[in-house]
Amino acid sequence: MSNENFRRELGHVFDDMTGSPSAALSDRVRSSLAEAPEQRGPFWIAGVAAAVIAAVLIAVLFVGNPLNRPGNTIGPGAGASPTPSATVAPTPDSNLPAFVCGTSTSLVPKTASTPPPLAYVSAVRTGTHPGYDRLTIEFVGGQWSSIDVSPQSGTTFTNSPRGDQVTLSGKNGILVIIHGADMHTSYAGPGDVKTGYATLVEVRGLEDFEGVVQLGMGVSGGACYRAFILTDPARLVIDVQAG
């Protein structure tokens, strides 16, 4: 085979590579190499290089062909439907204490230790429900010794131990004092929360000093509330009645 014919045959090989690879393609490459000039010059080296490149490109085209890929077995809709996460049912209102207006409430733990270790406030959450807004204070660690919840006229409270006064949003207030507690070790949330609710409009930290935590609650209407303790995890819940 002449050099000109050899180059022409290689050109046909590359033209065939733009389509689907055929069974005759590899035979044509081997035939072209067998009939190539026996000289050890540049044309022979170019022919060998072209054959190697052709073989590599054939393999790439075959692997890259989408028709040769296996179907995807993982995707939307494959497998079982996800199981909804379990939620804890709220405590029925019938099992909760009645709302009180104008009177204070004192809560003590059912089991007391001497002296009681500190209870660390870990979360302060607010929520709105039909008929009331809720403040939840969650604890970790030890156990508080006592909790006092006191409604008041107006929303002006005293910061302790500094002694300056602060006025919250709303018309009336509720003061929460937790003895045997700590609000700076495990709690990293804001110290002042404006809820945007219709009844409980603001909650603000007033004291976190020597085992005493105080919070002020700004209420838009009358300061009628109920306060109780829930467990697992331990938390103080104060519901402020709408109206």
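Observations, loosely collected:
- Residue that is nearest to V149 (Cα to Cα), among those in segment 207-243 that are touching a residue at least 40 places away in the same chain (Cβ under 8 Å) and β-branched (V, I, T): I238
- Residue match in segment 100-120 (condition: at pLDDT 95 or above and within 34 Å of the chain's Cα centre (by Cα)): yes
- Some residue of segment 133-156 being at positive phi and touching a residue at least 60 places away in the same chain (Cβ under 8 Å): no
- Scanning segment 159-197 for residues that are part of a loop (DSSP other than H, G, I, E, B) and among the polar types (S, T, N, Q) yields N159, S160, S169, T185, S186, T195.
- Test result for Y120, over 13 Å from M217 (Cβ atoms), surrounded by 15 or more Cβ atoms within 10 Å (Cβ to Cβ) and of a type in the set (F, W, Y): yes
- Scanning segment 198-241 for residues that are crowded, with 19+ Cβ neighbours inside 10 Å and part of a loop (DSSP other than H, G, I, E, B) yields a total of 3.
- Residues of segment 186-233 that are among the charged types (D, E, K, R) and either closer than 20 Å to Q143 by Cα or outside the structural domain of G163 (by TED's automatic domain parsing) (or both): E207, D208, E210, D232.
- Segment 128-142, subset closer than 18 Å to D93 by Cβ and in a strand (DSSP E or B), residue farthest from the chain's Cα centre (by Cα): Y132
- Qualifying residue in segment 170-185 (condition: out of contact with any strand residue (DSSP E or B) (no Cβ under 8 Å at 6 or more places or on another chain) and on the phi < 0 side of the Ramachandran plot): no
- Residues located in segment 105-132, provided they are touching a Leu at 6+ places or on another chain (Cβ under 9 Å) and either of a type in the set (D, E, K, R) or without any contact (Cβ under 8 Å) to a residue 60 or more places away in the chain (or both): R125, G127
- Checklist (1) basic (K, R); (2) assigned to a strand (DSSP E or B); (3) surrounded by fewer than 12 Cβ atoms within 10 Å (Cβ to Cβ) applied to R125, failing item: (3)
The values are calculated or read from the model by the stated rules, or taken from the named source; none is laboratory data. These figures come from a predicted structure and were not determined experimentally. Cβ sites come from the backbone with ideal geometry, for glycine too, and all protein chains shown count toward neighbours.
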